[in-house]
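See structure below.
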Amino acid sequence: MRRPAALCLIVPLALAACAHPAALGSPEVDGMTWILNEADRPALVYGVRESDHLAVALECRRGSGQVDLLVFGAAERPPRRLVLASGPARVDLPVRTEADDLFGEVHRAETPAASDVLARFGRTGAVSIGLDRPERFPAAPHRLSARFLALCGG
């Protein structure tokens with residue numbers, strides 16, 4: 001199966017993040033951490049360093065004003081939406097599911113980088129991302145969430 005171009009970038013970025021001088025990370029929680037890579041296609045990934053164990057990712061084309069949200073792994077049933085929340089701000093987004101050899105499935109949605117939810121995420125680092133219902137993740141350090149959105153044009 002042909003892997004979407006974005007995944008060809010995200011996985012190697014997450015795997016190499018520790019060695020890349022432009023990659024910033026956060027303290028680990030159960031081996032998982034937020035990793036920011038400031039490459040041509042910036043990505044903020046929550047996963048295990050130097051592995052292909054990823055939970056979620058936010059990525060964009062630098063300065064585009066749009067953010068792609070990705071949830072990795074097979075869903076129990078086909079999701080109707082991807083839910084993005086930060087504090088009381090919430091948005092339900094149409095989701096596309098793609099088969100993937102590495103993750104089983106990748107669920108994708110997009111939203112403006114300047115949306116209320118992402119603006120709050122940029123200020124606080126608090127985020128919930130999930131399929132049909134929000135799943136709370138440890139807060140990303142403010143310096144990572146704010147920097148990511150700045151790179152995206154949000």
Open item on the list: Is it the case, given these coordinates, that residue 96 is on the phi < 0 side of the Ramachandran plot, surrounded by fewer than 19 Cβ atoms within 10 Å (Cβ to Cβ) and not hydrophobic (A, V, I, L, M, F, W, C)?
Closed with: yes
Open item on the list: Suppose we keep only residues that are under 9 Å from the mean Cα position of the chain (by Cα) and of a type in the set (Gly, Ala, Ser) within region 38-70. Which one would you say is farthest from residue 136 (Cα to Cα)?
Closed with: 43
Task: Neighbours by Cβ (under 7 Å, 6+ apart or cross-chain): first from region 91-106, of a type in the set (Ser, Thr, Tyr); second part of a strand (DSSP E or B) - done: 97/105; 97/107
Task: Unmet criterion (only one of (1) more than 23 Å from residue 41 (Cβ to Cβ); (2) crowded, with 17+ Cβ neighbours inside 10 Å) for residue 124 - done: (2)
Open item on the list: So in region 126-146, with the set limited to residues that are free of Cβ contacts under 8 Å to residues at least 24 places away in the same chain and in contact with a helix residue (DSSP H, G or I) (Cβ under 8 Å, 6 or more places away or on another chain), which one is farthest from residue 94 (Cα to Cα)?
Closed with: 142
Task: Wholly enclosed strands (runs of 3 or more DSSP E) of region 47-154 bearing at least 1 residues more than 21 Å from residue 37 (Cβ to Cβ) - done: 82-86, 89-93, 96-100, 104-112, 127-131
- [ ] Could you tell me whether region 1-19 includes any residue that is within 15 Å of residue 127 (Cα to Cα) and either at pLDDT 95 or above or surrounded by 16 or more Cβ atoms within 10 Å (Cβ to Cβ) (or both)?
- [x] no
TODO: Kindly provide the set of residues from region 20-46 that are assigned to a loop (DSSP other than H, G, I, E, B) and either at pLDDT 90 or above or under 17 Å from residue 146 (Cβ atoms) (or both), ordered by number.
DONE: 22, 26, 38, 41, 42
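The values are calculated or read from the model by the stated rules, or taken from the named source; none is laboratory data. None of these values were measured; they are calculated from a predicted model. Because the Cβ atoms are built from the backbone with ideal geometry, glycine has one as well, and the counts that use them run over all protein chains shown.
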